[in-house]
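Scroll down for the structure; my scribbles are underneath it.
The values are calculated or read from the model by the stated rules, or taken from the named source; none is laboratory data. If you're wondering where the values come from, they're calculated on a predicted model, not measured in any experiment. Here the Cβ is made from the backbone with ideal geometry for all residues, glycine too, and neighbour counts use every protein chain on show.
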Amino acid sequence: MLTLKNSLYLLLETVELPKYNSEKDFGKFLQWLDIYDLPFLGKGMSRTVFDLEDGTVLKVANDSFCIDHNEDEVKIIKCMNGQLVPELIDFEPNYFWLRLEKVEKVTEKDIYNYWVEQRAWIGNLRSGISIPFMTC
């Protein structure tokens, strides 16, 4: 059953989101977020991730100094053209939050299975596999 918690779009359609004119409004956003008590997935040094329970997640900057992490992720995702990155569903113009496709952790075994077995790719796989970085 779809509830308000399950879709950020429904939240945005049914609740007036505070107007954000600058990073100074970040506190208003955090207050808005507290009202909805979204399911918590995890927290890092710069961002907290919530499960929207519709196949997407909400990545929220932990404070106004961490907003640039969201901005950087938007730039990287756009640069990668959907290759090896989650789908960017939506983001707040000041980068307070990102809504992304929910993805599962990929293991070294998963990478081996994809590149060696499924793609018949023969290469030198070692620990610390790296994928060539994009040049945008």
With the requirement that a residue be in a helix (DSSP H, G or I) and either at pLDDT 85 or above or crowded, with 16+ Cβ neighbours inside 10 Å (or both), what does segment 41-66 give you?
64, 66
Only one of (1) modelled with pLDDT under 85; (2) assigned to a helix (DSSP H, G or I); (3) surrounded by fewer than 16 Cβ atoms within 10 Å (Cβ to Cβ); (4) not acidic (Asp, Glu) does not apply to residue 29, and that is (3)
Here is a check on your reading of the model: is residue 38 surrounded by 15 or more Cβ atoms within 10 Å (Cβ to Cβ), part of a strand (DSSP E or B) and touching a residue at least 24 places away in the same chain (Cβ under 8 Å)?
no
Output the residue which, of all residues in segment 89-118 that are at pLDDT below 75 and loosely packed, with under 10 Cβ neighbours inside 10 Å, is nearest to residue 54 (Cα to Cα).
118
Inspect all residues belonging to segment 84-106 and state whether any of them is farther than 23 Å from residue 45 by Cβ, assigned to a loop (DSSP other than H, G, I, E, B), free of Cβ contacts under 8 Å to residues at least 40 places away in the same chain and within 11 Å of the chain's Cα centre (by Cα).
yes
